[in-house]
Amino acid sequence: MAVPDFQSLMLPLLKFSADGEEHTMQEAREGLAKIMGLSQEDLEERLPSGRQTTFANRVAWAKVYLTQAGVLESPKRGKLHISDRGRKILSEFPTRIDIKYLEQFEEFQEFRQASNKSRTEKVTHADAAQASSTTPEETLEQAYQQLRDEVANELLHLIKDNTPEFFEKLVVYLIVSMGYGGSVKEAGKATRKTADEGIDGVIKEDRLGLETIYLQAKRWEAAVGRPEIQKFVGALHGQRAKKGVFITTSRFSKEALDYVGQIDPKVVLIDGADLVQLMIDNNVGVGSAAVYEIKKVDTDFFIED
């Protein structure tokens, strides 16, 4: 099964703590994973940033909301146990605990109102949360990914609409920005222009030029197939080159992808989708529009010696 949203984890987390013992978050995650029958694949699923697993993130937020409602208590850092209110709730056999359910408690209302002070929209924080099953981190990262996808699509469109000469300069500039070849001036040079709006070039892998990389880029719309890659590999053999990078604005066929996994020299294929992602990661053709710094509580600060 898929990892449940954080509101769906509230009741199972409360039931897990019903034994009255203090539990660590690790124990809570392990217990919930067994109760909900989550697979190892489910548990390894990560947020888009890759910094945390989705399951750990959602369990943590379920715990935060239950604690703010006085349903769970956190007597020590990283620990939790059920409160008297939590026991009373379980005695009523609820079928679900979520944000709407927790709104009955004054402490939780105050928590939500405090969180909502900086918002200027007419929609309340509670209504927004109820409309979404995602944690704050997931909401932020999904919005980030959507913006990134929009930027990537715009970049690819602009590349395809530009000239072959611009594409040549772009490819060289990108490779240099990734740490190859030293300066743009000395890094790479086209050896010949082809009739299909591609470039062939040689670039230094390091500043001393101890190793070179043969580069080919094709500004195509159709998929690049195995025959084109075979021609490129032939050119590599002719140059006695051990490494090559083939870049296209389109995509590679399955046969082409399978082929490069079986050959020597080493050939890296970069399609249009990968190309624009590399541009974003290396700040080529893009700039920062805004920076949001995410803060978290430093719990160590509040521990007395």
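Scan segment 157-176 for residues that are touching a residue at least 60 places away in the same chain (Cβ under 8 Å) and crowded, with 18+ Cβ neighbours inside 10 Å and the total you get is 6. Applying the criterion of at least 2 residues that are open to solvent by less than 60 Å² (accessible area, probe 1.4 Å) and more than 22 Å from ASN57 (Cα to Cα) to the helices (runs of 4 or more DSSP H) found wholly in segment 72-115 leaves 84-91.
Selection of strands (runs of 3 or more DSSP E) fully inside segment 197-293 by the criterion of at least 1 residues being within 28 Å of ASN153 (Cβ to Cβ) and in contact (Cβ under 8 Å) with a residue 60 or more places away in the chain returns 243-248.
Scan segment 62-71 and tell me whether some residue there is touching an Asp or Glu at 6+ places or on another chain (Cβ under 8 Å) and either among the hydrophobic types (A, V, I, L, M, F, W, C) or open to solvent by 70 Å² or more (accessible area, probe 1.4 Å) (or both). Yes. Just for segment 32-56: of the residues that are of a type outside the set (Ser, Thr, Tyr) and under 19 Å from LEU80 (Cβ atoms), which one is most open to solvent (accessible area, probe 1.4 Å)? Checking each candidate, the answer is LYS34.
Inside segment 20-42, can you point out the residues that are in a helix (DSSP H, G or I) and without any contact (Cβ under 8 Å) to a residue 40 or more places away in the chain?
GLN26, GLU27, ARG29, GLU30, GLY31, LEU32, ALA33, LYS34, ILE35, GLN40, GLU41
Within the set VAL59, VAL64, the sole residue that is within 16 Å of THR134 (Cα to Cα), out of contact with any helix residue (DSSP H, G or I) (no Cβ under 9 Å at 6 or more places or on another chain) and not polar (S, T, N, Q) turns out to be VAL64. Looking only at segment 214-264, filter to residues that are within 17 Å of PHE167 (Cβ to Cβ) and in contact with a Lys or Arg (Cβ under 6 Å, 6 or more places away or on another chain); which one of those is surrounded by the most Cβ atoms within 10 Å (Cβ to Cβ)? This residue is THR248. All of (1) among the aliphatic types (A, V, I, L, M); (2) open to solvent by less than 60 Å² (accessible area, probe 1.4 Å); (3) at pLDDT below 90 hold for LEU210 with one exception: (2). With respect to the conditions (1) modelled with pLDDT under 85; (2) surrounded by 20 or more Cβ atoms within 10 Å (Cβ to Cβ), VAL267 lacks only one, and its number is (1).
The values are calculated or read from the model by the stated rules, or taken from the named source; none is laboratory data. The structure displayed is predicted, hence computed values, not measured ones. Here Cβ is always computed from backbone atoms with ideal geometry, including for glycine, and neighbour counts include all displayed protein chains. For the accessible areas, the whole protein counts, side chains as well, though only heavy atoms, and no ligand, DNA or RNA atoms are used. Shrake-Rupley method; radii C 1.70, N 1.55, O 1.52, S 1.80 Å.
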